[in-house]
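Report on the structure given below.
The values are calculated or read from the model by the stated rules, or taken from the named source; none is laboratory data. Remember, predicted model here, so these are calculated numbers, not experimental data. Neighbour counts run over all protein chains shown; Cβ positions are idealised from the backbone, glycine included. Just the protein is used for accessible areas: all its heavy atoms, side chains included, with ligands, DNA and RNA removed. Shrake-Rupley method; radii C 1.70, N 1.55, O 1.52, S 1.80 Å.
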Amino acid sequence: MPRYAQLVMGPAGSGKSTYCSTMVQHCEALNRSVQVVNLDPAAEHFTYPVMADIRELIEVNDVMEDDSLRFGPNGGLVFCMEYFANNFDWLENCLGHVEDDYILFDCPGQIELYTHLPVMKQLVQQLEQWEFRVCGVFLVDSQFMVESFKFISGILAALSTMISLEIPQVNIMTKMDLLSKKAKKEIEKFLDPDMYSLLEDSTSDLRSKKFKKLTKALCGLIDDYSMVRFLPYDQSDEESMNIVLQHIDFAIQYGEDLEFKEPKEHEDESSSMFDEYFQERQNK
């Protein structure tokens, strides 16, 4: 039987550890066994048990304190991840080989690990050799995405990760429960965006014709190929969490030997799903 993995990624502060914690609790309520592996050598603490912790192999503080290396925080983290890539046997021993494993990998937030360094790609390839079906879960803080320019920046980060890793990817806006009613109304248009409408909003303040042309090309590329969309993740709402889990399960076909799984909402129903979600939250 295959094994299943979520690579939980996103910028620092996007809510990766909180996502892992709440998703484990949600799965436990569904009588599903889910484990977590911490792959952030700079992590300080988390509120859930882990089956493996990269800090047992190598830790950023130890690297930074090594006088022969003289690395800062970012260089130290890159060194740790490259050391990890050369010691995948440690991870294999920690994971063992239990059929039907479902594991969340809590990954570091440094974007360079996903854009121009091979470490995370090597991890994906190694997991696939161990018969894991891997889905990327890219998180972005919803509080950051309420303006068009910031949204386009978040889309490009998600897109670069998707292209680099070449695996199914579900993009999520986290911390929806922290938004005000006004912010929730504003952010609704960013979940399944019309990039050409956003283009009009974002280019009005641009003085440079070159930047306007570049922004138009980027928005056109994203819109024409429907490359990126986001799901809302509200840890206080079970239905929101369940929708996210359904999409991820569909991407990796979790439990397909038992029954064919697909998301509850088809693509043509996505707007109604978002409308219903926001209507419910505004009525509370």
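Of all residues in segment 42-60, those that are without any contact (Cβ under 8 Å) to a residue 60 or more places away in the chain and either surrounded by fewer than 17 Cβ atoms within 10 Å (Cβ to Cβ) or outside any helix (DSSP H, G or I) (or both) total 13.
When you look at residue 268, is it loosely packed, with under 12 Cβ neighbours inside 10 Å, at pLDDT below 90 and not in a loop (DSSP other than H, G, I, E, B), yes or no? Quick ask: steps written out before the conclusion?
Numbers: loosely packed, with under 12 Cβ neighbours inside 10 Å: yes; at pLDDT below 90: yes; not in a loop (DSSP other than H, G, I, E, B): yes.
Yes.
When segment 2-28 is filtered for residues that are in contact with a helix residue (DSSP H, G or I) (Cβ under 8 Å, 6 or more places away or on another chain) and not in a loop (DSSP other than H, G, I, E, B), the ones remaining, listed by number, are 4, 5, 6, 7, 8, 9, 22, 23, 26, 27.
Among the criteria (1) over 22 Å from residue 171 (Cβ atoms); (2) open to solvent by 50 Å² or more (accessible area, probe 1.4 Å); (3) in a helix (DSSP H, G or I), the one residue 128 does not fulfil is (1). You will find that of 234, 249, the residue that is open to solvent by less than 20 Å² (accessible area, probe 1.4 Å) and either in a loop (DSSP other than H, G, I, E, B) or modelled with pLDDT under 70 (or both) is 234 and no other.
Give the residue, chosen from 148, 142, that is surrounded by 17 or more Cβ atoms within 10 Å (Cβ to Cβ), of a type in the set (S, T, N, Q) and in contact with an Asp or Glu (Cβ under 8 Å, 6 or more places away or on another chain).
Numbers: 142 fails: in contact with an Asp or Glu (Cβ under 8 Å, 6 or more places away or on another chain).
Selected residue: 148, the only one of 148, 142 that is surrounded by 17 or more Cβ atoms within 10 Å (Cβ to Cβ), of a type in the set (S, T, N, Q) and in contact with an Asp or Glu (Cβ under 8 Å, 6 or more places away or on another chain).
Scanning segment 25-41 finds no residues that are closer than 27 Å to residue 158 by Cα, modelled with pLDDT under 90 and surrounded by fewer than 17 Cβ atoms within 10 Å (Cβ to Cβ).
None of 154, 136, 109 is surrounded by fewer than 19 Cβ atoms within 10 Å (Cβ to Cβ), under 12 Å from the mean Cα position of the chain (by Cα) and under 28 Å from residue 45 (Cα atoms) except 109. Restricting 136, 220, 154 to residues that are in contact with a strand residue (DSSP E or B) (Cβ under 7 Å, 6 or more places away or on another chain) and at pLDDT below 90 narrows the list to 154. Taking every residue in segment 221-249 that is in contact (Cβ under 8 Å) with a residue 12 or more places away in the chain and closer than 23 Å to residue 5 by Cβ and pairing it with any residue that is charged (D, E, K, R) and assigned to a helix (DSSP H, G or I), at least 6 positions away or on another chain, the pairs with Cβ-Cβ distances below 7 Å are 235/177.
Of all residues in segment 161-208, exactly one satisfies the criterion of being exposed (fewer than 15 other Cβ atoms within 10 Å of the Cβ), touching a helix residue (DSSP H, G or I) at 6+ places or on another chain (Cβ under 6 Å) and at pLDDT 75 or above, namely 181.
Yes/no per residue for (1) over 23 Å from residue 250 (Cβ atoms); (2) in contact (Cβ under 8 Å) with a residue 60 or more places away in the chain; (3) assigned to a helix (DSSP H, G or I):
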| site | (1), (2), (3) |
| --- | --- |
| 109 | yes, yes, no |
| 124 | no, yes, yes |
| 134 | no, yes, no |
| 164 | no, no, yes |
| 172 | no, yes, no |
| 190 | no, no, yes |
| 198 | yes, no, yes |
